[in-house]
1. Is it fair to say B:THR149 is in a loop (DSSP other than H, G, I, E, B), farther than 19 Å from A:GLY151 by Cα, modelled with pLDDT of 95 or more and away from every other protein chain (no Cβ under 14 Å)?
2. Taking the condition of being in contact (Cβ under 8 Å) with a residue 24 or more places away in the chain and surrounded by 20 or more Cβ atoms within 10 Å (Cβ to Cβ), how many residues in the range B:234-249 meet it?
3. Before we move on, is A:ALA225 open to solvent by less than 30 Å² (accessible area, probe 1.4 Å) and either at positive phi or among the aliphatic types (A, V, I, L, M) (or both)?
4. Can you name every residue in the range A:190-222 that is of a type in the set (Lys, Arg) and touching a residue at least 60 places away in the same chain (Cβ under 8 Å)?
5. From the list A:ALA79, A:ALA72, A:ALA63, which one is open to solvent by 20 Å² or more (accessible area, probe 1.4 Å) and either assigned to a helix (DSSP H, G or I) or modelled with pLDDT of 95 or more (or both)?
6. It is to be established whether one or more residues within the range A:143-154 are part of a strand (DSSP E or B) and either under 17 Å from the mean Cα position of the chain (by Cα) or within 14 Å of chain B (Cβ to nearest Cβ) (or both).
7. Only residues that are within 11 Å of A:ILE49 (Cα to Cα) and crowded, with 20+ Cβ neighbours inside 10 Å: list them for the range A:202-219, please.
8. For the range A:149-175, name all the residues that are free of Cβ contacts under 8 Å to residues at least 60 places away in the same chain and open to solvent by 60 Å² or more (accessible area, probe 1.4 Å).
Amino acid sequence: MNFRGTMLGKILWQGVTSRHLTAIWSISSRSKHKLPDLPYDFNALEPYISAEIMKIHYEKHHATYVSNLNVAEEKLGEAKAKGDISAVIALAPALRFNGGGHINHSIFWQNLGPKSGEEPTDDLKSAIELDFGSIENLKIQLSTASIAVQGSGWGWLGYNRQSGRLQIAVCPNQDPLEATTGLVPLFGIDVWEHAYYLQYKNVRPDYVKAIWNVANWSDIASRFAKAKSG
Amino acid sequence: MSPVSVVTLWLVALCAASEQQQQQQQQRKEDLRAVIQPPYYLITVPAESYILPLLPYDYDQLEPQIEKSTVRAHYFGHHENYRKKMNSILTLWRLEEPDNSFSKQPILNIFKQLDEVPDKYRLRLKNNAGGFINHAIYWAVMSPNPNGTERFPSASLMKEIEESFENFYQFHLVFTNEAVDLLGSGYVWLVRDHKQEPGKQLSVVITKDQDSPITQDLDPLLVLDVWEHAYYLKHQYRRGSYVDDWWLLVDWQAVDELDQFWKRIRNPAKEEL
């Protein structure tokens, strides 16, 4: 086949058609991150977390982490292709921040759900009672740790694979729990001001207290089960 | 008198009256700033318990750039929280070490020598005294600008800015980009490094959370708070539009006064009586 019969030849000879564009676009978009679907409506967590906050948090903040992560990964690909180690390293903060933001928020939307009145049961309940004495005590400890975060960050209930125990940890900014501490994330409380300010203003303790009403214990339990078996 | 001259006289009188009113308002504003110390002044005074410094303007006077609800939440919520916690840490420390005269010095002195603070108090004091001081400076370098007129530094500061940044717009761009790009919570500062030679002393730096350039032996002249609480009620995720609004509030005379404040602290002998 001569050059004009090849794909490239056809593109250069005939000009780029929409079919070629679709092909090119789908190759590059295959590796692009996307905003995950929200499992409920924006108002589903009311009155504990307002619809206004949910909409902006999801459509603006999380979406920005996703698009900036895609940009950073594209630049990473270019830097690697050029063998530019310095440029690769310079991208680390953006990858950590936006990658972490995407990971954290993807977990967060699943961690939450409309108020169900459910409490942890079976294995998770036993583990909580073993490691914290009671569910109430877990709530107090995780709340205290989350409220005490200086600046922006997250409070986490995590699973320690090595010890097989539950543990509380906090991470600054968007540092993802597992990559930072090795703990498997089970339940996260976003204490960035954007997570609560429109409703609670500076009173972070009220927000942290309220969020327990919309904790999705079956999601937390399934993460726990997966972490234990994995 | 002809109708035309009556109308003319009436118009002239009206203009004179409104100009007089403007002058009175300007005078009132200057009187307030002349009568009360700038918000950062009290950090140089020893105290058993620090009060929240008076703002040089009313809570709604930074409108339309910063609305009343943000000023109130920021001042009575956040700044106040740092004040309370700083005070309780100082109280605990002083109770524990009643003979430690360093613990009774002005908070600025303590803040500049955090190594001398006992381990158990150091981090919390750094965060909360940092919050107390940072916010005092933040309030001090802003003033009402309801008409949204563009403001520029004084001639001498402008000259220095041009020496360090090529021109004012380059400085403005650098500062703005740092503000928009800052990941998480923190501040953007214009600082003077007295250790550098004249003409090379100004730079733009950022700090995370409630960290302060004061602990790096730098003198802050201008500060922008980019914690989300500073802008979320009005701008939500749009930090850039908050920064644009904030530039209109920068009071370059207050910046010069702050510059002089640090210079007086560093060279007390040169103070004119």
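1. Taking the combined requirement at face value, the residue satisfies it.
2. So the answer is 2.
3. So A:ALA225 does not fit the description; no.
4. A:LYS209
5. Being open to solvent by 20 Å² or more (accessible area, probe 1.4 Å) and either assigned to a helix (DSSP H, G or I) or modelled with pLDDT of 95 or more (or both) holds for just one of A:ALA79, A:ALA72, A:ALA63, which is A:ALA63.
6. yes
7. A:TYR207, A:VAL208, A:ILE211
8. Within the range A:149-175, A:GLN150, A:GLN162, A:SER163, A:ARG165, A:GLN167, A:VAL170, A:PRO172 qualify.
The values are calculated or read from the model by the stated rules, or taken from the named source; none is laboratory data. Treat the numbers as computed from the prediction; the structure is a model and nothing was measured. Every residue, glycine as well, gets a Cβ built from its backbone with ideal geometry; the counts of neighbours run over all protein chains shown. Surface accessibility is based on the protein's heavy atoms, side chains included, excluding ligands, DNA and RNA. Shrake-Rupley method; radii C 1.70, N 1.55, O 1.52, S 1.80 Å.
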